[in-house]
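Inspection log for the structure reproduced underneath, given as structure tokens.
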Amino acid sequence: MFRIRILPLILAAALTGCAVGPDYQRPDSAASASGVADAFSEVPDGWTVASPADHAPRGDWWTIYGDPVLNDLAAQVDVSNQNVAAAVARYRQARASAQEARSAFFPTLGLSYGASRNGSYDKSTQAVQIQNSQNLSLDASWEPDIWGGIRRQVESSDAGAEGSAADLAAARLSAQAELVQDYLQLRITDAQIRLSEETVVAYARSLQLTQNKYAAGIVTKADVAQAQSQYKSAQAQAIDLALTRKQLAHAIAILVGKAPSQFALAADPGWKPALPVIPAGVPSQLLERRPDVASAERAVASANAQVGVAKAAFFPSLVLKASGGFQSASLSDWFNAPGRVWALGATVAETIFDAGARSARSDQAVAAYDASVASYRQTVLGSLQEVEDNLAAIDLLGKEVDAQNDAVAAAREAERLALNQYTAGTVDYLNVASSQTTRYASEKTALQLVGRQLSASVLLIKAIGGGWDGNVTPQLAQP
């Protein structure tokens with residue numbers, strides 16, 4: 001009678017009771033705990049700090065560079081990149097896992113059919129007695145979520161699926177950023193190759209001039225050797241740049257899901273670098289934008305729910321069972337009253353001794369939660385560092401480019417004067433070689449600095465979350 005009276009109370013608790021364990025609250029990041037600044041410290045002079053949600057590029061963020069070829073290549077990443085495809089599969093797996101956890105809210109139904117034929121020897125009749133039996137049964141069992149363990153498991157699985165969605169966004173952003181970086185560096189390498197080819201032509205003219213002077217007895221053999229060495233060295237550097245270009249093209253091919261032998265990217269002599277201005281936003285808005293931060297925060301939510309799952313194991317479980325069906329010697333007797341069978345039951349179980357196993361699992365869950373909080377805070381700090389680093393890089397590299405351009409102009413003038421003086425016979429070829437080497441190195445350095453600026457701009461976009469918009473339900477590419 002006590003069981004019958006207490007059963008409705010248990011069922012009511014299962015339907016309306018609160019889940020054990022702590023309810024989730026987003027932890028303070030290490031930065032916010034000490035007070036997140038209203039702006040980054042490394043914002044370049046003249047920049048206006050703006051909200052990424054309002055001004056920074058989203059979606060096809062690479063279009064900010066205004067390059068149609070780049071736009072086409074970057075769009076292929078979402079469809080053909082194999083790392084992104086793997087991330088899509090992991091997201092689908094996490095989503096299915098969440099659905100599996102949610103199924104525990106509902107009863108389990110099973111249908112079974114059996115038939116048997118038994119024989120035994122009866123001594124009294126000295127005959128074999130044959131017995132037939134056929135049964136059809138529908139069984140149901142349900143474990144009410146009295147203490148909220150299932151609800152906590154569903155919370156954990158849902159948070160895991162959302163974290164996997166953020167991981168997918170991070171994988172896409174990483175592949176896109178890598179492709180944009182490689183593409184821009186390939187174009188800078190093309191510019192360096194053109195500079196190298198022009199330098200080889202200029203060195204060839206200097207070599208011819210020196211050979212003519214040597215034939216006329218004006219200069220020594222040493223001047224010819226110096227000019228020859230300079231010319232061959234420039235040719236070697238041009239070959240090395242060609243190797244760099246091939247490697248960058250191969251990297252781009254892999255990022256768009258193609259074999260290097262099936263991919264080619266023609267040079268674009270009219271390409272000119274365009275450095276976009278990217279408002280970085282304030283740190284608090286950054287935290288809502290980056291997919292890796294979102295993934296780390298969802299991991300905290302999942303770990304918090306697992307604490308509730310572990311604590312629910314300390315309480316008794318209730319399983320309700322019911323079955324009904326037919327059992328008789330022949331199918332025709334199933335629908336008669338003697339052929340009908342049914343059963344109802346309830347089982348309450350509680351572990352009274354487990355040598356501390358449940359306590360250990362609870363401690364593990366709490367420790368895992370603490371670890372996920374620390375990882376989340378470290379991710380936040382790392383994201384802030386990446387933004388600060390690239391803001392500083394863009395600012396200082398811009399100043400360095402200005403200074404280097406002045407150096408290039410001075411080196412060109414020095415080369416012009418040295419060539420005029422050499423032609424007039426007032427200086428030896430060593431002065432010409434030195435001025436030409438300085439000019440070539442200065443122009444090459446200027447191009448390298450522009451490449452570093454472009455890379456820093458890509459990394460800044462990646463650092464502020466790129467095309468991430470906080471949507472934890474990504475659109476999957478259709479096969």
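The values are calculated or read from the model by the stated rules, or taken from the named source; none is laboratory data. These numbers come from a predicted model, not from an experiment. Glycine gets a Cβ as well: all are built from the backbone with ideal geometry, and neighbour counts include every protein chain shown.
Considering segment 50-167, the qualifying helices (runs of 4 or more DSSP H), each wholly inside and each with 1 or more residues that are modelled with pLDDT of 90 or more and over 30 Å from PHE40 (Cβ atoms), run over 68-80, 82-102.
If the condition is being at pLDDT below 90 and assigned to a helix (DSSP H, G or I), then segment 324-374 contributes LEU331, SER332, ASP333, ALA337, PRO338, GLY339.
Please determine whether any residue of segment 381-399 is basic (Lys, Arg) and surrounded by 17 or more Cβ atoms within 10 Å (Cβ to Cβ). Checking segment 381-399: not a single residue is basic (Lys, Arg) and surrounded by 17 or more Cβ atoms within 10 Å (Cβ to Cβ). For the condition within 26 Å of the chain's Cα centre (by Cα) and modelled with pLDDT of 90 or more, GLN378 qualifies.
Residues checked against (1) closer than 18 Å to ILE188 by Cβ; (2) modelled with pLDDT under 95; (3) touching a Phe, Trp or Tyr at 6+ places or on another chain (Cβ under 7 Å):
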{"residue": "GLN230", "(1), (2), (3)": "no, yes, yes"}
{"residue": "GLN237", "(1), (2), (3)": "yes, yes, no"}
{"residue": "ARG245", "(1), (2), (3)": "yes, no, no"}
{"residue": "ILE252", "(1), (2), (3)": "yes, no, yes"}
{"residue": "LEU255", "(1), (2), (3)": "yes, no, no"}
{"residue": "ALA264", "(1), (2), (3)": "no, yes, no"}
{"residue": "ASP268", "(1), (2), (3)": "yes, yes, no"}
{"residue": "LEU275", "(1), (2), (3)": "yes, yes, no"}
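Of the residues in segment 270-279, not one is of a type in the set (Gly, Ala, Ser) and either within 22 Å of the chain's Cα centre (by Cα) or in a helix (DSSP H, G or I) (or both). I'm checking my understanding of the structure. Among residues of segment 66-79 that are out of contact with any helix residue (DSSP H, G or I) (no Cβ under 7 Å at 6 or more places or on another chain) and closer than 17 Å to ALA175 by Cα, which one is surrounded by the fewest Cβ atoms within 10 Å (Cβ to Cβ)? Looking at the filtered set, the residue picked out is ASP72. If you check THR108, THR63 for being in contact with a strand residue (DSSP E or B) (Cβ under 6 Å, 6 or more places away or on another chain) and of a type in the set (Val, Ile, Thr), only one passes: THR108.
State yes or no: is SER103 in contact with a helix residue (DSSP H, G or I) (Cβ under 8 Å, 6 or more places away or on another chain), under 30 Å from SER164 (Cβ atoms) and among the hydroxyl-bearing types (Ser, Thr, Tyr)? Considered against the rule, which asks whether it is in contact with a helix residue (DSSP H, G or I) (Cβ under 8 Å, 6 or more places away or on another chain), under 30 Å from SER164 (Cβ atoms) and among the hydroxyl-bearing types (Ser, Thr, Tyr), SER103 comes out as no.
When GLN153 is tested against (1) surrounded by 20 or more Cβ atoms within 10 Å (Cβ to Cβ); (2) over 30 Å from ASP72 (Cα atoms); (3) in contact with a Leu (Cβ under 7 Å, 6 or more places away or on another chain); (4) not small (Gly, Ala, Ser), just one condition goes unmet, and that condition is (3). Within segment 368-393, the set of residues being polar (S, T, N, Q) and under 24 Å from ALA310 (Cβ atoms) comprises SER372, SER375.
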